[in-house]
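Chemist: Just dropping this structure here.
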Amino acid sequence: MNKRESNYDLLRVICAIAVIFIHVANWFLQASFKINYQNYGFVFEGSLLATVILDTLPRFAVQCFVMLSGAFLLGNKRNSDFKFFYSRSFRNIGVTTIIFSMGYTIYAIAKNVIKYGITSSGGGYEFLIPLLHLVLGLPARPMWFMFMLLGLYLMTPVLLVLEERIKPVNLFGKITWLFLLVSVVSYWSRPYDFAVGWDVGLQTEFLSLFMAGFSIRRWAKCIGRSNMKGVLLIASGLLTEMLLAILRYKEMMAGKSFTGMRQPFDWLAFEGLSPFVILSAVLIFCGFSLLEIHVDFSGLSSLTFLIYLFHIGVWNIISGLSIHLKIYPPQTAVVIPVCVVLVFVFSLLAARIYRWLWNNVEKKFGISDKLCRLLRFV
């Protein structure tokens, strides 16, 4: 059994909380502008600077999640066995992704039926729109990450086989950083956002970050652990995002930015593989790779995948109730962290219940094994 690396377990937990901060803070940030009044039913009167900081500071989370996946998946040579890896991956994330995708689709259909009925006044069938979103890999907007990640999982055995066959080239060496640079420029130059969760171009760009995670983990093993260096690198990453937050705030105060729409070559871009965010994420991941942590976070870390999936619905319910009940607390420094804690706690509770139920159902019916045989993974 492989020894747990508590520094990476801690990073997983922090990233799970950071993702919740992104979705909660961005919701309040969008509600801060009158232009969005129709969608939110109110204008959030909290501190705009604090809201922007809380929306920007955790932007490293998704990128670090991708690097964590690459660090461990590419670090296990046994994953070059296609059948073994695909079978295990399907059991670990494929089945759960299917279950949650169907769950969020049914939930969205039910909401639309309540709102529009079976047909709208114009004769449209709006309640069926969630089925289209499901096909596009966006049963719920944050679920794009799961469909993108599945693409990276599909490429894992291919990368390992290539690395083995072209050893003199060292696929996970300098090529990784050149690939990452090209990916950042490619992502940064596009004036549009992705339309499908399984966008091959998006997956290819994130593949560079996936490979970078493995390269950084290998680099950290070579130079050895150092808490001082690790903390300095993490602080540098957070300061990078703090700088981005302040620049975003100044732009908003100048009336230049009121939405999250991405513009080509925008230095203040704050999503995906935009320059500031990638620099911050790489620095933070390097920092955590050097930390020597002696506290065991493995139990909580093992639930972060489910927490990510559950927090989408939990926050949807909480934010929906706040609009319906007209609860709009004005203090950014209070309301956003409180909402994050509530979402995290309820998501953690739901994750624990789901795991207990799933383990019992799986033990009795062997659903994963039956699906694997159906897909001829085993």
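Chemist: Restricting to region 232-245, name every residue that is surrounded by fewer than 19 Cβ atoms within 10 Å (Cβ to Cβ) and either aromatic (Phe, Trp, Tyr) or without any contact (Cβ under 8 Å) to a residue 60 or more places away in the chain (or both). Please lay out each step first, then the result.
Modeler: Step one: of region 232-245, the residues surrounded by fewer than 19 Cβ atoms within 10 Å (Cβ to Cβ) are 232, 235-236, 238-239, 242-243.
Across region 232-245, the qualifying residues are 232, 235, 236, 239, 243.
Chemist: Of the residues that make up region 174-182, is at least one outside any helix (DSSP H, G or I), farther than 30 Å from residue 103 by Cα and of a type outside the set (Gly, Ala, Ser)? Outline the logic, then answer.
Modeler: Of the residues in region 174-182, the ones outside any helix (DSSP H, G or I) are none.
Taking every residue of region 174-182 in turn, none turns out to be outside any helix (DSSP H, G or I), farther than 30 Å from residue 103 by Cα and of a type outside the set (Gly, Ala, Ser).
Chemist: Only one of (1) within 22 Å of residue 219 (Cβ to Cβ); (2) of a type in the set (Ser, Thr, Tyr); (3) at pLDDT below 80 fails for residue 176. Which number is that?
Modeler: Every condition holds for residue 176 apart from (3).
Chemist: Shifting gears a bit: Are there any helices (runs of 4 or more DSSP H) wholly within region 44-122 with 1 or more residues that are under 17 Å from the mean Cα position of the chain (by Cα), and if so which? Steps first, please.
Modeler: Values: elements: 48-56, 61-73, 82-89, 95-116.
In region 44-122, the matching helices (runs of 4 or more DSSP H) lie at 48-56, 61-73, 95-116.
Chemist: Counting just the residues of region 18-43 that are assigned to a helix (DSSP H, G or I) and of a type in the set (Phe, Trp, Tyr), which one comes out nearest to residue 342 (Cα to Cα)? First the steps, then the outcome.
Modeler: Looking only at region 18-43, we keep the residues that are assigned to a helix (DSSP H, G or I), and these are 18-30, 34-40.
From what is left, the residues that are of a type in the set (Phe, Trp, Tyr) are 21, 27-28, 37, 40.
Details: 21: 11, 27: 15, 28: 15, 37: 25, 40: 20 Å.
So, considering only residues that are assigned to a helix (DSSP H, G or I) and of a type in the set (Phe, Trp, Tyr), the one nearest to residue 342 (Cα to Cα) is 21.
Chemist: Taking residue 65, is it in contact with a helix residue (DSSP H, G or I) (Cβ under 8 Å, 6 or more places away or on another chain), surrounded by 20 or more Cβ atoms within 10 Å (Cβ to Cβ) and more than 20 Å from residue 153 (Cα to Cα)? It would help to see each step written out before you state the result.
Modeler: Working: in contact with a helix residue (DSSP H, G or I) (Cβ under 8 Å, 6 or more places away or on another chain): yes; surrounded by 20 or more Cβ atoms within 10 Å (Cβ to Cβ): yes; more than 20 Å from residue 153 (Cα to Cα): no.
Against the criterion (in contact with a helix residue (DSSP H, G or I) (Cβ under 8 Å, 6 or more places away or on another chain), surrounded by 20 or more Cβ atoms within 10 Å (Cβ to Cβ) and more than 20 Å from residue 153 (Cα to Cα)), residue 65 does not qualify.
Chemist: Let me ask something else. Among all residue pairs at least 6 apart or on different chains, which show Cβ distances below 9 Å where the first residue, located in region 211-231, is over 9 Å from residue 289 (Cα atoms) and the second is β-branched (Val, Ile, Thr) and outside any helix (DSSP H, G or I)?
Modeler: Note: pairs meeting the criteria are 227/293.
Chemist: Okay, next question. Every residue in region 176-195 that is among the β-branched types (Val, Ile, Thr) and surrounded by 16 or more Cβ atoms within 10 Å (Cβ to Cβ), please.
Modeler: We begin by selecting, within region 176-195, every residue among the β-branched types (Val, Ile, Thr); these are 176, 182, 184-185.
Of everything in region 176-195, those that are among the β-branched types (Val, Ile, Thr) and surrounded by 16 or more Cβ atoms within 10 Å (Cβ to Cβ) turn out to be 176, 184.
The values are calculated or read from the model by the stated rules, or taken from the named source; none is laboratory data. None of the values given here were measured: they were computed from a predicted structure. Positions of Cβ are backbone-derived with ideal geometry, glycine not excepted, and every protein chain shown enters the neighbour counts.
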